[in-house]
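Inspection log for the structure reproduced underneath, given as structure tokens.
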Amino acid sequence: MTYGFSPGLPMDFINCTMRAPWGFLRNTDDRYGVKVVAEEAGGFLDWQVVPETYSWPELFPRLKAMGFTKLRELRQFVRGLHNAIEETNYDLNEVAHLCQKFIGPGADSEMTKEEAKKWKSARELQKLNAPDKSAILTQLDVGKLKEFAKNFMEDGHEMCNVWLQQDVIDPQQVAFNLSLRRFRKANPWLRENLSNLDRFNRISTDAQTVFYGLRTAPTDKDQMSKQQVAMVAHMGGDPLTITLGDWLQIDLEEWKVVISSPNIQLENMAESLPQSFELKDAQALLLERR
């Protein structure tokens, strides 16, 4: 939809197209660095990092040197840190105090355990009090929190290098991305805004969302024929039966599929598109008039 149909490309995100990890990383902010990391690290560690990746010697060297050698422990610490920042309105001194109190030497006392019930952050931080917990967790003052934030940003930046993924990238996905870029370059008229004669519609239900449309290239008055493209893209939800000819009032015999999502398998699609077919989440077709 974006490359083969839409007028604009707001951002070409190479990490997504290369299936590489990514995050919002900022390593120059001493004042809000801990807050930025606490807000970003949870999702980053849960969605972009797996234990096998974290164990690579080349990755996360700074955090490991600090003592954060276990991904499970690091994830749990970040959850508690995020809550502590919210509860203290980002008072770093108070955040450090909560860390020291609920993970430090006196964390196992009955009085501390009782007080922990009043703090959401404390309940998360106290989960770190296992017999094999890392020593760094008992040394968290303001300076250590800032050091942690800077190291996380630097390590995360290195992990997001797309070239680390080149040995595991899917060749079929790469070919698909390249075909879209070439199609876009060969059809500069797609940059123009849609005209009143173009179509861009949406089917949106509680079960799924599908976009589809038809565009015609602007031409001079002397030209006899006009280039046309049609598109249908399943954006999410349950599968849906597509009847593109009916939706766009076109004869599919006059159209050919120029690009399709790598995971689409339709019989005789190269010769002619069926009058009805099923699309699933993240599947799309781009057609061109013969």
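The values are calculated or read from the model by the stated rules, or taken from the named source; none is laboratory data. Note that the coordinates shown come from a computational prediction; the quantities given were computed from them, not determined experimentally. Here Cβ is always computed from backbone atoms with ideal geometry, including for glycine, and neighbour counts include all displayed protein chains.
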Inset, instruction - Give me a count of the residues in the stretch 150-169 that are more than 29 Å from VAL36 (Cα to Cα) and surrounded by 13 or more Cβ atoms within 10 Å (Cβ to Cβ). - result: 1
Inset, instruction - For the stretch 11-28, enumerate the residues that are in a loop (DSSP other than H, G, I, E, B), surrounded by fewer than 16 Cβ atoms within 10 Å (Cβ to Cβ) and within 16 Å of the chain's Cα centre (by Cα). - result: MET11, ASP12, PHE13, ARG19, PHE24
Legend entry - Boolean, MET1 is modelled with pLDDT of 90 or more, among the hydrophobic types (A, V, I, L, M, F, W, C), outside the structural domain of ALA130 (by TED's automatic domain parsing) and more than 28 Å from ASP141 (Cβ to Cβ): yes
Inset, instruction - Check whether at least one residue in the stretch 56-70 is touching a Gly at 6+ places or on another chain (Cβ under 7 Å) and assigned by TED's automatic domain parsing to the domain that holds ASP132, and report yes or no. - result: no
Inset, instruction - Run down LEU81, LEU45, LEU74 and say which single residue is under 19 Å from the mean Cα position of the chain (by Cα), crowded, with 16+ Cβ neighbours inside 10 Å, in a helix (DSSP H, G or I) and not β-branched (Val, Ile, Thr). - result: LEU45
Legend entry - Filtered residues of the stretch 170-197 (kept if loosely packed, with under 15 Cβ neighbours inside 10 Å and outside any helix (DSSP H, G or I)): ASP170, GLU192, ASN193, SER195, ASN196, LEU197
Inset, instruction - Give the residues of the stretch 247-289 that are basic (Lys, Arg) and either at pLDDT below 90 or buried (at least 16 other Cβ atoms within 10 Å of the Cβ) (or both), sorted by residue number. - result: ARG289
